[in-house]
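What follows is a short report on a single structure.
The values are calculated or read from the model by the stated rules, or taken from the named source; none is laboratory data. Not measured: the values here are computed from a predicted model. Using ideal geometry, Cβ is built from the backbone for each residue, glycine included, and neighbour counts are taken over all protein chains shown.
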Amino acid sequence: MSRDLQHELHAYLELAAQTLDLPLDPQHLEGLAVQLTPAVKALIAEATDAHDATVPVPYTVARETLDEQTGIHTTIYAACTARIGTDVPHDAPAALLAAQLRASQPDVIATNVASPTYLGLSVQPQSLFAWTCWLNRLNVSVTEGAVTMRDNAAYATATVGDVAVELEGLEVPMLLVDESAARLMGLLAETDQASA
């Protein structure tokens, strides 16, 4: 590293000398590069340490349980519960999709992988736009009856590749209180009554 740093430093010093029209010959530049290398290494190490001290460490505390009677392995992360059948391989399409969604989407509350091609997905979108994104991502058509409401959740089914996905949107009915806004966003299908 020191040799590479010396060469790089020498090139920058040479460029600076030419730009500023300094009367330095190649021996002077090489001597400067050799003398400044330790100081530059210390500055780089200091900057790296400061960066490492301020960057959050990506880790989560997980609690794992195994229910041998039902054959379900449960992992509880800070804000998400992941369930997978003990007979389902971790590289099955549904397990891979569940892991991908958990890692990339903060809305995911729970995943339930009961078979290699089935995923139960519970999300809690923070806005109508977020709910629309979920429906679009899972290719749920917004026709009458495609999305059903029950209690304080919305439900839909979709297929992603070879995986059947049962989507549960927690607290979505609260987001859909303004029906006209929901219809404009395409979240509710037009009915004969609404068009009359």
Check Thr111, Thr132, Thr70, Thr86 and return the single one that is hydroxyl-bearing (Ser, Thr, Tyr) and out of contact with any Gly (no Cβ under 8 Å at 6 or more places or on another chain). Thr70
Residues satisfying the stated conditions in the stretch 67-102, i.e. over 16 Å from the mean Cα position of the chain (by Cα), part of a loop (DSSP other than H, G, I, E, B) and crowded, with 17+ Cβ neighbours inside 10 Å: Val88, Ala92
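In the stretch 162-178, which residue that is in a loop (DSSP other than H, G, I, E, B) and in contact with a helix residue (DSSP H, G or I) (Cβ under 6 Å, 6 or more places away or on another chain) is nearest to Ala130 (Cα to Cα)? Give the steps one after another, and end with the answer.
Going through the stretch 162-178, the residues in a loop (DSSP other than H, G, I, E, B) turn out to be 162, 171, 176-178.
If we keep only those that are in contact with a helix residue (DSSP H, G or I) (Cβ under 6 Å, 6 or more places away or on another chain) as well, we get 162, 176.
On the way: Asp162: 24, Leu176: 12 Å.
Filtering first and then ranking leaves Leu176.
Of all residues being more than 13 Å from Leu170 (Cβ to Cβ) and in contact with a Leu (Cβ under 9 Å, 6 or more places away or on another chain) in the stretch 121-136, which is modelled with the lowest pLDDT? Just the residue, please. So that I can check it myself, show each step before the final result.
Of the stretch 121-136, the ones more than 13 Å from Leu170 (Cβ to Cβ) are 127-129, 132-133, 135-136.
After this cut, where a residue has to be in contact with a Leu (Cβ under 9 Å, 6 or more places away or on another chain) as well, the list is 127-128, 132, 135.
Working: Ser127: 82, Leu128: 79, Thr132: 83, Leu135: 88.
Step by step, filter the stretch 121-136, then rank; the result is Leu128.
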